[in-house]
Amino acid sequence: MTNNNNLARNISLLRKERKLTQDQLAEYLGVTKASVSKWETGQSYPDFPLLPQIATYFGVTVDQLIGYEPQLSKERIRTECAALRSAFATKDFDSTLAACHRLVHDYYSCYPLLAQMASLYVNHLDKAPTDEARAQLIAEALELCSRVREHSTIPADIKMVNALEASLLLMQGKATDAVTLLENTITPEVGDTIILASAYSMIGQPGKAQAVHQSTLLQSLAVCVNTLAIMGMESVADPQRLAIIHQRTRALMDAFDFDHVYLNSAACHLQFAQAFAQADQTDQAFACLNDYVRACRALEFPLRLHGDAFFDHLDEWAETLTSGDAAPRSDQAVKESLVTSVKDNPLLATLADDPRFACVLANLEDLLR
């Protein structure tokens, strides 16, 4: 980040690298040796008009001289976001949010970072201690989404912030606004990933071809499974249709061992448990809760995007993502949410008095230990 300590250190390092004395630098700039000495020790700093002259003398940009990087690398973004995820889980909300604000302030034109920060805010709304703080976090996430959409040239980031903003609009009950935002962004699948994979194969890069194929397949399957789970929730009034949707979803998930390769697999089981509970299908609801527990136990901590013997080239795809292979929340936050998503779930309230519910909670709480 930009600070005066960087400037002091850089002036000293650049001068010594070029084997210059403080007198020589002072003579070129028309200042005293004492001034240069104070700059290098941080006791005082050059006047603003001198910064371009100092940068020119050393053959660097002003940004490099003061230690400012307007664009962060993927690796730096991953590191910063990982630290903030951990802070949201282990430190107080206000100090963590202040750290977020400093990062956003210093890199307000680094749009890949802003997209990840919007995602960070959305995934930690439950950490806000008050309704007012939660509303503030939503407002800041919406502002970041808007800025990325208006200024970024990276399609993946724009697509992500559109989805984030639409989800926030739904939380606020603004379904019409969500429709307006997304309805013209859905485009037909034209098979570009298949073409890209074929091109990789033709130039002798089969590993990259497989990475494209497998990442496309995994994402497509995830969309299918999540869509089916939502369809299940919308079929509560038709138990027969709900059962068919669940049966086909389970078959698809089992075919690709989704509980082990898809980090959000448990949430799909939970949605079906909610649907069956609302449909007064108690036994089916508990069967889905048992599936949920099994999927939670299948999670490998520390949580990372990973494949298996079939999806064996996902690491190459993860390296292309700004977020890398990291989960959107810290391990501790995920473990806690696995329990609270059942324990405090109003859609499962009708099951709470059943002894099987206490058993489900006990199995989930084992994860916290």
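Residues that are open to solvent by 80 Å² or more (accessible area, probe 1.4 Å) and under 22 Å from GLN332 (Cα atoms) within segment 286-312 comprise ASN290, ARG294, ARG297, GLU300, PRO302, ARG304, listed in sequence order.
Going by what's in this entry, would ARG76 be described as buried (at least 16 other Cβ atoms within 10 Å of the Cβ), at negative phi and among the charged types (D, E, K, R)? So that I can check it myself, show each step before the final result.
Values: buried (at least 16 other Cβ atoms within 10 Å of the Cβ): no; at negative phi: yes; among the charged types (D, E, K, R): yes.
The answer is no for ARG76.
Pairing residues of segment 256-285 that are surrounded by 18 or more Cβ atoms within 10 Å (Cβ to Cβ) with residues that are assigned to a loop (DSSP other than H, G, I, E, B) and among the polar types (S, T, N, Q), at Cβ distances under 8 Å and at least 6 apart in sequence or on separate chains, gives LEU270/ASN345; GLN274/ASN345; ALA275/SER235. Residues in segment 215-251 that are in contact (Cβ under 8 Å) with a residue 40 or more places away in the chain, in contact with a Phe, Trp or Tyr (Cβ under 8 Å, 6 or more places away or on another chain) and not hydrophobic (A, V, I, L, M, F, W, C) were compared, and the one that is most open to solvent (accessible area, probe 1.4 Å) is HIS246. Contact map, segment 105-128: residues that are farther than 13 Å from SER146 by Cα paired with residues that are among the aromatic types (Phe, Trp, Tyr) and part of a helix (DSSP H, G or I), Cβ distance under 9 Å, separation 6+ or inter-chain. Pairs shown: LEU120/PHE88; ASN123/PHE88; HIS124/PHE88; HIS124/PHE93; LYS127/PHE88; LYS127/PHE93; ALA128/PHE93. Scoring SER37 on the criteria (1) surrounded by fewer than 12 Cβ atoms within 10 Å (Cβ to Cβ); (2) among the polar types (S, T, N, Q); (3) assigned to a helix (DSSP H, G or I) leaves a single failure, condition (1). Pairs meeting the criteria (first residue in segment 332-360 and within 20 Å of CYS268 (Cβ to Cβ), second residue of a type in the set (D, E, K, R) and open to solvent by 20 Å² or more (accessible area, probe 1.4 Å), beta carbons under 7 Å, at least 6 apart or on different chains) are VAL339/GLU365.
Yes/no per residue for (1) among the β-branched types (Val, Ile, Thr); (2) closer than 30 Å to THR79 by Cα; (3) loosely packed, with under 13 Cβ neighbours inside 10 Å:
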{"site": "ASN5", "(1), (2), (3)": "no, yes, yes"}
{"site": "ALA26", "(1), (2), (3)": "no, no, no"}
{"site": "GLY30", "(1), (2), (3)": "no, no, yes"}
{"site": "LYS33", "(1), (2), (3)": "no, no, no"}
{"site": "ASP47", "(1), (2), (3)": "no, no, yes"}
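Regarding segment 107-116, can at least one residue be identified that is open to solvent by less than 60 Å² (accessible area, probe 1.4 Å), farther than 20 Å from LEU321 by Cα and in contact with a helix residue (DSSP H, G or I) (Cβ under 7 Å, 6 or more places away or on another chain)? Spell out the reasoning first.
Step one: filter segment 107-116 for residues open to solvent by less than 60 Å² (accessible area, probe 1.4 Å), giving 107, 109-116.
Subset that is farther than 20 Å from LEU321 by Cα: none.
Checking segment 107-116: not a single residue is open to solvent by less than 60 Å² (accessible area, probe 1.4 Å), farther than 20 Å from LEU321 by Cα and in contact with a helix residue (DSSP H, G or I) (Cβ under 7 Å, 6 or more places away or on another chain).
Entry remark, segment 80-104: residues being under 20 Å from SER146 (Cβ atoms) and without any contact (Cβ under 8 Å) to a residue 12 or more places away in the chain number 1 in total.
Among the helices (runs of 4 or more DSSP H) lying completely within segment 51-136, list those that include at least 1 residues that are more than 21 Å from PRO328 (Cβ to Cβ) and either out of contact with any strand residue (DSSP E or B) (no Cβ under 9 Å at 6 or more places or on another chain) or not basic (Lys, Arg) (or both).
Values: elements: 62-66, 74-90, 93-106, 111-122.
By residue number, 62-66, 93-106.
A quick yes/no check of all residues on (1) within 24 Å of the chain's Cα centre (by Cα); (2) charged (D, E, K, R):
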{"residue": "LEU169", "(1), (2)": "yes, no"}
{"residue": "GLY173", "(1), (2)": "yes, no"}
{"residue": "ASP177", "(1), (2)": "yes, yes"}
{"residue": "LEU196", "(1), (2)": "no, no"}
{"residue": "ALA229", "(1), (2)": "yes, no"}
{"residue": "ASP238", "(1), (2)": "no, yes"}
{"residue": "GLN247", "(1), (2)": "no, no"}
{"residue": "ALA255", "(1), (2)": "no, no"}
{"residue": "SER265", "(1), (2)": "yes, no"}
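In segment 313-341, of all residues being small (Gly, Ala, Ser), in a loop (DSSP other than H, G, I, E, B) and under 16 Å from ALA156 (Cβ atoms), the one that is most open to solvent (accessible area, probe 1.4 Å) corresponds to SER323.
Taking interchain pairs and intrachain pairs at least six residues apart, which have beta carbon atoms under 6 angstrom, with the first residue in segment 291-304 and modelled with pLDDT under 95 and the second crowded, with 22+ Cβ neighbours inside 10 Å and not in a helix (DSSP H, G or I)? If the second residue must be crowded, with 22+ Cβ neighbours inside 10 Å and not in a helix (DSSP H, G or I), no pairs are left. In summary, ASP106 fulfils each of the numbered conditions (1) under 18 Å from the mean Cα position of the chain (by Cα); (2) modelled with pLDDT under 95 with the single exception of condition (1).
The values are calculated or read from the model by the stated rules, or taken from the named source; none is laboratory data. From a predicted model like this one, the values you see are computed outputs, not experimental measurements. All Cβ positions, even for glycine, are placed from backbone atoms using ideal geometry, and neighbour counts span all protein chains on display. Side chains included, ligands, DNA and RNA excluded: accessible areas come from the protein's heavy atoms. Shrake-Rupley method; radii C 1.70, N 1.55, O 1.52, S 1.80 Å.
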